[in-house]
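The values are calculated or read from the model by the stated rules, or taken from the named source; none is laboratory data. All of these numbers come straight from a predicted model, not from anything done at the bench. Every residue, glycine as well, gets a Cβ built from its backbone with ideal geometry; the counts of neighbours run over all protein chains shown.
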């Protein structure tokens, strides 16, 4: 009987084993074996890693049909459908090196071009980069980009702008799909609410781009490129919560309305309704926010594959910060201090290829921005409308790649301040031309010029030149030079002009800002014998301003003075990124920037306020493939920056210390789902450390107990020993400390 039982068990095992199979194979590249390649089966937890000879084995597989992936850093991922119907199956892969520099970019030349071939250096950041440190807005996502810093301008309402290479936020032009719709009022309030899951990539150009984009592109530009409906997932969702009570949710889908029409819809919702005061000044550490953004993009298939895309976005935000006991019944009064901002915004943009033989495109955009805000008992009601249209013609002739275009920009702005007695309304027509000359396969020269006419300032001419030399496929040298021109919109760009107790003094009629810039860029990729990949991207720049409008906090502690610069300003620096991809799956991106930003007036040179002398960023990633878990460690570090003090008695530090914000995240992937979580600001760094207080006179925000002498200077008293007035502009880092986060993503392809 026992013998019969053993025979029966053996027979069952044999039958079961016959329904199990294995896959073996070898992974090579150009005939050479690749070690540490990840080989895995889609929608399962089955996988393996190749040994030093490139061999792999995956066992214990049910007879079925699978999709097998071979993934290796620095190489293009390959996949193959395979049916397992026998005990052993052999599948080999030959991988090709990934041309990471062959990403298609637009921002440098206004024309789609390989990043490797672009004479203008363009940095590209994909959604993979954004996922390494998930954030609810583009503004926060820029914190780990070398040479780019999101600057918070107010401790109370937490609005800010983005600095590039030490230049203030208004010098950075933010585009959406190549359209300049984030400017003026939205420079401060419009960088939120773009669903990150809708972003295809972010392109960053450091240095002036005024010859193509006009005013505001003096310091550089950030172009947020959204996905086309063809490339988006059928359904996608991404949401996370934090231990501070923040909730962020992205939800979207694509649909084919007809054979020729497709639609992409995305909705972003963010809410933070949990007042926290960890630094005990009775003011909210983080502004409370409730916002929603709805985005639609339509794609129309036309004859001969001509382009026609139309997109629109609606944005609404209600944010406030202030004393912990504030509520909306106190809005605009002088009893309890609060800064409350209601923002309503509409956007429309499109791209239409003309039905002609020539390669011609008509682009257009329109924005309507309404802001209803109060800063304590100071109301600021503003409306802004911007219309933009641009016609471009691309023509290739022998070695010349020519771009000719004409544009017109309509600006309407009106507010309730004394600076705008009547609405500011102007239309600025422009023409531009660019010729990218390919001398041979190694070098090309780009010549460009733009002419604008602004009835307030007359003719504006902005030329530029760029030269690229590619000694081999892995070494590229670039030289760029150009001019910049910018018209200052004071109250739409300078939040400090509206908040706090300082009086705003416009000493004279503000003239346009003009600058000259040169930039050198070196790009080199190394491949080791072990197939590790090292990429160095280094730049040096020099910018000279003949006029610059900066807020003067120093002359009088009770005033912010704006006037033309009687002298010059200089921004110079060097930066470098090192991107390393190891064969074992470890990926490291490290960047550093050294810069010197000064202004010279009346023979005296001073450091620009709120500008760091050095900064660094990093990201370290490692992925395990069985189970599929990715670890990401990201962070930044900033050197000292000069801060705005109110008096000689002000006890706060004149310079910020060296500070760093670091984050860690783990992501688990299972089929179409990703579960992620981690810790933000691991070191719990906040700017109140080492300072007696951050907000001056937080206990008397309406200066009711401040005494002044006959000259308007503050008198030191027992209640006010440091002779201060209420002022929240002493800010250089977020007040938000350590917090946990947990999120879930879903993508149905």
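On the given criteria, is residue 250 assigned by TED's automatic domain parsing to the domain that holds residue 377, part of a strand (DSSP E or B) and either surrounded by fewer than 19 Cβ atoms within 10 Å (Cβ to Cβ) or in contact with a helix residue (DSSP H, G or I) (Cβ under 6 Å, 6 or more places away or on another chain) (or both)?
In short, yes.
Tell me, yes or no, whether segment 716-723 has at least one residue that is within 23 Å of residue 653 (Cβ to Cβ), touching a helix residue (DSSP H, G or I) at 6+ places or on another chain (Cβ under 6 Å) and assigned to a loop (DSSP other than H, G, I, E, B).
no
Among the residues of segment 135-153, is there at least one that is at pLDDT below 75, under 29 Å from residue 673 (Cα atoms) and not in a loop (DSSP other than H, G, I, E, B)? Full working, then the answer.
Taking segment 135-153 first, the residues at pLDDT below 75 are none.
No, there is no match, as no residue in segment 135-153 is at pLDDT below 75, under 29 Å from residue 673 (Cα atoms) and not in a loop (DSSP other than H, G, I, E, B).
For residues in segment 625-657 being free of Cβ contacts under 8 Å to residues at least 24 places away in the same chain and assigned to a strand (DSSP E or B), which is farthest from residue 140 (Cα to Cα)?
Filtering first and then ranking leaves 655.
Please go through segment 270-288 and pick out each residue that is crowded, with 19+ Cβ neighbours inside 10 Å and free of Cβ contacts under 8 Å to residues at least 40 places away in the same chain.
Answer for segment 270-288, where residues must be crowded, with 19+ Cβ neighbours inside 10 Å and free of Cβ contacts under 8 Å to residues at least 40 places away in the same chain: 272, 288.
Output the residues belonging to segment 594-614 that are under 18 Å from residue 171 (Cβ atoms), in a loop (DSSP other than H, G, I, E, B) and modelled with pLDDT of 90 or more.
Correct list: 611, 612.
In segment 32-47, what residues are within 24 Å of residue 63 (Cβ to Cβ) and surrounded by fewer than 16 Cβ atoms within 10 Å (Cβ to Cβ)?
42, 43, 45
Is it true that some residue in segment 6-20 is at pLDDT 75 or above, under 30 Å from residue 71 (Cα atoms), crowded, with 18+ Cβ neighbours inside 10 Å and not assigned by TED's automatic domain parsing to the domain that holds residue 629?
no
I'd like to verify a number: residues in segment 393-414 that are closer than 25 Å to residue 186 by Cα and touching a residue at least 40 places away in the same chain (Cβ under 8 Å), how many?
4
Consider residue 660 against the criteria (1) free of Cβ contacts under 8 Å to residues at least 60 places away in the same chain; (2) over 25 Å from the mean Cα position of the chain (by Cα): it satisfies all of them except one. Which criterion is unmet?
(2)
For every residue, the table says whether it meets (1) in a loop (DSSP other than H, G, I, E, B); (2) at pLDDT 90 or above; (3) over 28 Å from the mean Cα position of the chain (by Cα); (4) surrounded by fewer than 17 Cβ atoms within 10 Å (Cβ to Cβ).
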{"residue": "520", "(1), (2), (3), (4)": "no, yes, no, yes"}
{"residue": "523", "(1), (2), (3), (4)": "no, yes, no, no"}
{"residue": "541", "(1), (2), (3), (4)": "no, yes, no, no"}
{"residue": "555", "(1), (2), (3), (4)": "yes, no, yes, yes"}
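Out of the strands (runs of 3 or more DSSP E) lying entirely within segment 28-125, which hold 3 or more residues that are over 20 Å from residue 581 (Cα atoms), in contact with a strand residue (DSSP E or B) (Cβ under 7 Å, 6 or more places away or on another chain) and modelled with pLDDT of 80 or more?
Values: elements: 38-41, 47-49, 55-62, 65-71, 78-83, 88-90.
It comes to 55-62, 65-71, 78-83, 88-90.
Among 690, 712, 677, which is farther than 23 Å from residue 322 by Cβ, loosely packed, with under 13 Cβ neighbours inside 10 Å and touching a residue at least 40 places away in the same chain (Cβ under 8 Å)?
Just one listed residue meets the conditions, 712.
Being surrounded by fewer than 21 Cβ atoms within 10 Å (Cβ to Cβ), under 18 Å from residue 156 (Cα atoms) and touching a residue at least 60 places away in the same chain (Cβ under 8 Å) is true for just one of 318, 334, 309. Which residue is that? Write out each step before concluding.
Numbers: 318 fails: touching a residue at least 60 places away in the same chain (Cβ under 8 Å); 309 fails: under 18 Å from residue 156 (Cα atoms).
When all the criteria are applied, what remains is 334.
Could you check residue 217 against (1) more than 25 Å from residue 673 (Cβ to Cβ); (2) without any contact (Cβ under 8 Å) to a residue 40 or more places away in the chain and say which number it fails?
(2)
Take the residues of segment 258-269 that are surrounded by fewer than 19 Cβ atoms within 10 Å (Cβ to Cβ) and without any contact (Cβ under 8 Å) to a residue 40 or more places away in the chain: which is nearest to the chain's Cα centre (by Cα)?
269
Could you tell me which of the residues 422, 406, 396, 392 is out of contact with any strand residue (DSSP E or B) (no Cβ under 6 Å at 6 or more places or on another chain) and either in the same structural domain as residue 177 (by TED's automatic domain parsing) or part of a strand (DSSP E or B) (or both)?
That would be 396, the only listed residue that is out of contact with any strand residue (DSSP E or B) (no Cβ under 6 Å at 6 or more places or on another chain) and either in the same structural domain as residue 177 (by TED's automatic domain parsing) or part of a strand (DSSP E or B) (or both).
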